[in-house]
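Have a look at the structure below, then the notes.
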Amino acid sequence: MVAVVPATPYAGAAGGASASATAAWLASLAGAPLPNRRQEDWRFTDPAALTGIDPQLIGLADPLAAQELPDGLECLSPAAASPWLGQALAATTSLEHWPVLLNAGASAGAAAAQPTSLLALRVSGAAGRLQLPLDAGDQPGLARFRLLLVVEAGAQLELLLQPSSGGVNAISLVSEVILEPGAELTLGSLAIGAAGSCLLQHTAVVQAPGSRFEHITVSAGWALARQEPRILQRQGGACTRLRALQVCCDRQLADTHSWVCFDGPDGELDQLHKAVADDQGRSVFNGAVRVPRAAQGTRAAQLSRSLLLSDRARIDTKPELEILADDVKCAHGATVSRLQAEELFYLQSRGIAADQAAQLLQRAFCAEVLRDLPAGAAALRPLHQLLGEG
Amino acid sequence: MICPDAPVLLEIRDLQAAVDDQPILKGVNLTIRAGEIHAVMGRNGSGKSTLSKVLAGHPAYTVTGGSVHYRGNDLLDLAPEQRARIGLFLGFQYPVEIPGVSNLEFLRVATNARRSEGGLEELDTFAFEDLVRERLEVVKMDPAFLERSVNEGFSGGEKKRNEILQMALLEPLVAILDETDSGLDIDALRIVAGGVNQLASPENATLLITHYQRLLDLITPDYVHVMAAGRILRSGGRELALELERTGYDWVDQELERFAAEGQQTGRAPLEVG
């Protein structure tokens, strides 16, 4: 039987491996075939770009090796990490998600290719800031990263992940985060890809009461970028703030499937998802919020704002609120708009050329999320590129 | 200041314009020379604001006839940004809020666009900050407004001050101020009018579009024009504004009716009433 893979500009773009061989290799790693559009979670998202990579694992240096860890951060050995591993994935019902399966399946091979296939950190006290570059460079194949963060009671950390690619390859990144009571984590992710590159980023978070989790994800430049943040407030009473920006132009596809569940009362969620789609870019957002009966007093707000810059771009956005508790405040909204003609004219009437005015307005649209990235991001070139600052 | 020998800055001839195929301007004639301050008055719907938007190049309006020359060159051929760069300025009746665009950056980009058109060197951030702080004085504006997004959350008065600040930075040759007095309390009106007076010079000209005499108590116009039904019905000196203040706009209706009747008798196209 010949596997039929839809023709894409990425198919076989790398070292000549056929798309079907790559699809078979990925399926064998994950122990499950590539997702397809008959699956509800992948309805708008064609993973075909993944089949453009070479079927091999990329060997990468330990991203932590070059880092001097701030006080309060401790690297856990695989043995020390093992009791924690899988907890957050199980709690957020993430284990069967294809990107998680792929990441797990790639671990055996990655262990050989990478000196450290697991980045496990325990945070105690106020640990300050850390940046983790996760760069696949221009190496062909699949780069796999696995991150575990245990933030102890009352501890604080600001962490910026920088997944990046400069070639036809894919990054699989699965993060597990455990926030103990009163812990505070700001987790930024500034993910900048290149033509033909793919990012599968899955982030499973379990929050104890009184903890605060702020998650800012920015992705641009990937042929395919799939973000799956999944957060469980185990007993409610925690604060979750999600900020996301995805930019897709050319024929890029950016997809965020978020899931937030309150398993107890008085939890808080403030979610803003922004997307910019130009050319034939395609943006997908699915925001699930679960408020079971036990989650009385929940306050949740979700807003999706998309900017559609071309007639051929496409945006699919869907809030998915399931509210069983009756004493809650849950708001949601979604807007899809073009650049506002009055704003453009106002800028033009001050001598600013139409294209420059459009760029200013796009930057302004993006800035609302970008300015929330951890402070270290301000010095990064990709951010300036994203802001059109050359 | 009336100076008959001063160069003509703006020459509007039989200007006709429509929005959504609905004719609004039906033959406007107006000549503005350097040094002059003109006021265009008229009721809502008379075409005053349309005139200002057409001159600035708003894409929603289509010019269906006539011509506009700016310092002898065809203005209507130019994109809105080009009109601004060569020295035409429109002060908006409702300045647009642009969340996320810093006011300071906006002012700097706009100022540099105008400067480079005039062959001047662009200003870097430091040089520009010096300039903007100096010009803030013109409208007594709090520097804190520079750090905010363009007009976002500004009060009506603050928005209008921000417009005059832009005018102070761009140093236009022809400034069209569309209902700059609307929504201002008397103190804000004084400050804004004071700014306009400070910026007026023998080299530039101002076109004030307004409903009310109260702005003209503070900025003395050389010419007053009354618009109705898409045309300038009558022009005169500042006494015309005072007369309007005294008698209201009822005479305008009578005059329009008279024109309509004359048009029927003479066979000329009548002015449309309404």
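All conditions in (1) open to solvent by 20 Å² or more (accessible area, probe 1.4 Å); (2) within 14 Å of another protein chain (Cβ to nearest Cβ) hold for A:Ala334, with the sole exception of (2).
Among the residues of segment B:55-72, are any more than 8 Å from chain A (Cβ to nearest Cβ), hydrophobic (A, V, I, L, M, F, W, C) and under 12 Å from B:Ile209 (Cβ atoms)? Show your work before the answer.
First, the residues of segment B:55-72 that are more than 8 Å from chain A (Cβ to nearest Cβ): B:55, B:61-72.
Then drop every residue that is not hydrophobic (A, V, I, L, M, F, W, C), which leaves B:55, B:63, B:68.
With the extra rule that they be under 12 Å from B:Ile209 (Cβ atoms), the set shrinks to B:55.
Checking segment B:55-72: at least one residue is more than 8 Å from chain A (Cβ to nearest Cβ), hydrophobic (A, V, I, L, M, F, W, C) and under 12 Å from B:Ile209 (Cβ atoms).
For segment B:146-162, a residue qualifies if it is part of a helix (DSSP H, G or I) and more than 14 Å from B:Arg108 (Cα to Cα), and the qualifying residues are B:Gly156, B:Gly157, B:Glu158, B:Lys159, B:Lys160, B:Arg161. Taking (1) within 15 Å of A:Pro229 (Cα to Cα); (2) in a loop (DSSP other than H, G, I, E, B) in turn, A:Gln139 satisfies each apart from (1).
The set of residues in segment A:75-102 being assigned to a helix (DSSP H, G or I), at pLDDT 95 or above and not small (Gly, Ala, Ser) consists of A:Gln87, A:Leu89, A:Trp98, A:Pro99, A:Val100, A:Leu101, A:Leu102.
If you go through segment B:142-167 and pick out every residue that is under 22 Å from the mean Cα position of the chain (by Cα), surrounded by fewer than 22 Cβ atoms within 10 Å (Cβ to Cβ) and without any contact (Cβ under 8 Å) to a residue 40 or more places away in the chain, you end up with 4.
Out of segment B:61-83, which residues are open to solvent by 20 Å² or more (accessible area, probe 1.4 Å) and in a strand (DSSP E or B)? If the condition is that a residue be open to solvent by 20 Å² or more (accessible area, probe 1.4 Å) and in a strand (DSSP E or B), then B:Tyr61, B:Thr62, B:Val63, B:Thr64, B:Gly66, B:Ser67, B:His69, B:Asn73, B:Asp74 are the ones that fit. Every listed requirement among (1) open to solvent by less than 10 Å² (accessible area, probe 1.4 Å); (2) touching a strand residue (DSSP E or B) at 6+ places or on another chain (Cβ under 6 Å) is met by A:Gln156 save one, (1).
Look at A:Val289 and say whether it is within 18 Å of A:Gln271 (Cβ to Cβ), surrounded by 15 or more Cβ atoms within 10 Å (Cβ to Cβ), under 19 Å from the mean Cα position of the chain (by Cα) and within 14 Å of chain B (Cβ to nearest Cβ). Spelling it out, it is not the case that A:Val289 is within 18 Å of A:Gln271 (Cβ to Cβ), surrounded by 15 or more Cβ atoms within 10 Å (Cβ to Cβ), under 19 Å from the mean Cα position of the chain (by Cα) and within 14 Å of chain B (Cβ to nearest Cβ). The set of residues in segment A:359-371 that are touching a residue at least 40 places away in the same chain (Cβ under 8 Å), open to solvent by less than 30 Å² (accessible area, probe 1.4 Å) and either in contact with a helix residue (DSSP H, G or I) (Cβ under 8 Å, 6 or more places away or on another chain) or more than 7 Å from chain B (Cβ to nearest Cβ) (or both) comprises A:Cys366, A:Val369, A:Leu370.
Only residues that are in a helix (DSSP H, G or I) and either touching a Pro at 6+ places or on another chain (Cβ under 6 Å) or buried (at least 21 other Cβ atoms within 10 Å of the Cβ) (or both): list them for segment B:84-108, please. Working first, answer last.
Here is the first cut: in segment B:84-108, the ones in a helix (DSSP H, G or I) are B:84-85, B:103-108.
Hits for segment B:84-108 are B:Ala84, B:Arg85, B:Asn103, B:Phe106, B:Leu107, B:Arg108.
Summed over segment A:77-101, residues that are open to solvent by 20 Å² or more (accessible area, probe 1.4 Å), under 23 Å from A:Asp135 (Cα atoms) and aliphatic (A, V, I, L, M) total 1. Look at segment B:92-107: where a residue is facing chain A (nearest Cβ under 7 Å) and a partner is surrounded by fewer than 22 Cβ atoms within 10 Å (Cβ to Cβ) and in a strand (DSSP E or B), sitting 6+ places away or on another chain with Cβ atoms under 9 Å, you get B:Ile98/B:Ser149; B:Pro99/B:Ser149; B:Gly100/B:Ser149; B:Val101/B:Ser149.
Conditions tested, residue by residue: (1) in contact (Cβ under 8 Å) with a residue 40 or more places away in the chain; (2) not in a loop (DSSP other than H, G, I, E, B).
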{"site": "A:Val289", "(1), (2)": "yes, yes"}
{"site": "A:Ala294", "(1), (2)": "yes, no"}
{"site": "A:Gly297", "(1), (2)": "yes, no"}
{"site": "A:Pro319", "(1), (2)": "no, yes"}
{"site": "A:Asp327", "(1), (2)": "no, no"}
{"site": "A:Leu344", "(1), (2)": "no, yes"}
{"site": "A:Leu347", "(1), (2)": "no, yes"}
{"site": "A:Arg350", "(1), (2)": "no, no"}
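For segment B:113-122, taking the residues that are assigned to a helix (DSSP H, G or I) and within 22 Å of the chain's Cα centre (by Cα), the one that is farthest from B:Glu147 (Cα to Cα) is identified as B:Glu117. Counting only residues that are more than 14 Å from A:Leu272 (Cα to Cα), under 23 Å from the mean Cα position of the chain (by Cα) and open to solvent by less than 60 Å² (accessible area, probe 1.4 Å), segment A:292-319 holds 5 of them. Filtering segment B:214-223 to residues that are closer than 20 Å to B:Ser182 by Cα and surrounded by fewer than 24 Cβ atoms within 10 Å (Cβ to Cβ) leaves B:Arg214, B:Leu216, B:Asp217, B:Leu218, B:Ile219, B:Thr220, B:Pro221.
The values are calculated or read from the model by the stated rules, or taken from the named source; none is laboratory data. The shown structure was predicted, so the numbers you read here are calculated from the model rather than taken from an experiment. Don't worry about glycine lacking a Cβ; one is built from the backbone with ideal geometry, like all the others, and counts go over all protein chains shown. With ligands, DNA and RNA removed, areas are computed over all heavy atoms of the protein, side chains included. Shrake-Rupley method; radii C 1.70, N 1.55, O 1.52, S 1.80 Å.
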